[in-house]
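Reviewing the structure listed below.
The numbers here are math on the coordinates, done by the rules we state, and not lab data. Quick caveat: nothing in here was measured; it's all calculated off a predicted structure.
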Amino acid sequence: MNMKKKLLIIAVLAGFMAVLGACGSNAPSDQPPETQTEGTPDGSESGDQNQDEPEQPAATLKGTGTYVGQVDNNSIEITVDGEPAVFRFGDQFDRSVLDDLEPNAEVEFEYTEQPIEDDLKVLLLSKLTAK
């Protein structure tokens, strides 16, 4: 191999390694470090509390707005207080209610908020009725 080819291969490999190195992150987390509480060595207080307790169900919220239309097969858009909001169909949602619903219809609805990360949350629609 001549010298130009060797330098080209080395440059390509160095660039590839730089790209792969940029994909990983050793930056410290924004989360505060976990502190141990008094009690057992693993930081839990006592064996009385069940570590595998199911999460509390999210509170059902109610709202009113103007139905805009279906965004995709799993979501609809409703204008609430002049702002558009996308609601994903929850497990209990009856999709047949959409068959008779026209755009710009005033609606009442029930939903829950499911946090997904930081400030983001999914609005899960459980009930929708025309006013």
Which cross-chain or sequence-distant (5 or more) residues have an amide H under 5 Å from the amide H of residue 122, H modelled 1.01 Å from N in plane?
114, 116
Determine by what factor the alpha-carbon radius of gyration of segment 61-130 differs from 2.2 N^0.38 Å, reporting the quotient.
1.03
